[in-house]
Every structure is written in C-alpha cells, then in structure tokens.
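The values are calculated or read from the model by the stated rules, or taken from the named source; none is laboratory data. Only a predicted model underlies this, so the values are computations on that prediction, with no experimental measurement involved. Quick reminder, even Gly has a Cβ in these numbers, built from the backbone with ideal geometry, and neighbours come from all protein chains shown.
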Amino acid sequence: RNRIIAALAEATLICEAGLPSGTFGAADDALDLGKEVWAIPGSIFAKQSAGANQLISQGALMVNSMTVFCEALDRIAGPGQILTDPFINDAIDQESEDFPESVRVLLATLRAGQFSAEELSLHLGQEILPLLRQLSRLELAGQVERGRDGRYHLTRL
C-alpha cells in the first residue's frame, strides 16, 4: 500500500510519526521511487514527533513554515503554478476579477452552512476533482476549514 501511495504522489509529507513507525516504510518507498520526502518537525519531547524529526535529521525536507511548503509545491508543480495562485494569498480581494466566479459561489454556499465535498459537488453542479482543488487552495489560504466530520466550512476569523 505504501508503495502505491508513494508512486501516485510527487512527494511524501510526514506530519507525525512516532518510533517505531510504519511511516518509515512509506518514506523508504518514496525515496526508492525517486520521490521527495518532506517532514513537519515537532517538539523533541513529543513521542509522536520523534519519527518526523529523525527523517529530517536523515535529509527529509523540513517543512517548518507555509512559505517552505509552498516553495516545495512550486518546485514540484513547476514555476508559477502554486506561489502565483491567487488562492494562496491571504489578502485576496474576493471582488477582484482574478477571483473566479465559481469560487465566489462556493464561498457564498459555505456561508450558508457546512457541506461535504460530495454535497457541494451536487449542489453547485461541479465535478468533484476541480472542486476539491478549489477547497484545498482555500484551505491553504486560510479561508476554509475541513471539520472532523469531513464537512467544509468558512474559517472563523
């Protein structure tokens, strides 16, 4: 399973991993396939961070800020594909012409309540994959959150 996941991804991001952890299998599979391994560091006192911290010490990219994360995504996606994406900019003007109408409608829908991606897809008449891309970009921009139940809602500022 780890090998399949690693093969489908351009990079593997380790968020938390204790010691011992099956996460090392996923990281090894990614490296064997020539993929990048990234890790989010954690406290040296937290057991659930020991594995990610060890991967960083072994050469995994340390993702310690949103800037590092976006730069890594930009490197993989190609120049200008991520960092110039208007959704990543927290100060985006939703009235701007650069802000797609489909996203304005999505945000207006989320103002009315919380919805799963499937519910949004049906309600908005959009295909699920482009919708998930929009939701992910809005999450990165801090405008939308995904709850534990999998439903999306606007971020409370």
How many residues does the stretch 132-157 hold that are in contact (Cβ under 8 Å) with a residue 40 or more places away in the chain, surrounded by fewer than 16 Cβ atoms within 10 Å (Cβ to Cβ) and not in a strand (DSSP E or B)? 1
For the stretch 55-64, give me the residue count where each residue is part of a helix (DSSP H, G or I) and in contact (Cβ under 8 Å) with a residue 40 or more places away in the chain. 1
What number of residues in the stretch 14-54 are under 17 Å from the mean Cα position of the chain (by Cα), surrounded by fewer than 18 Cβ atoms within 10 Å (Cβ to Cβ) and either of a type in the set (A, V, I, L, M) or not in a loop (DSSP other than H, G, I, E, B) (or both)? 1
Quick one: count up the residues across the stretch 110-157 that are at pLDDT 90 or above and of a type in the set (S, T, Y). 3
Can you tell me which residue in the stretch 109-131 is nearest to the chain's Cα centre (by Cα), limited to those that are without any contact (Cβ under 8 Å) to a residue 12 or more places away in the chain and assigned to a loop (DSSP other than H, G, I, E, B)? E127
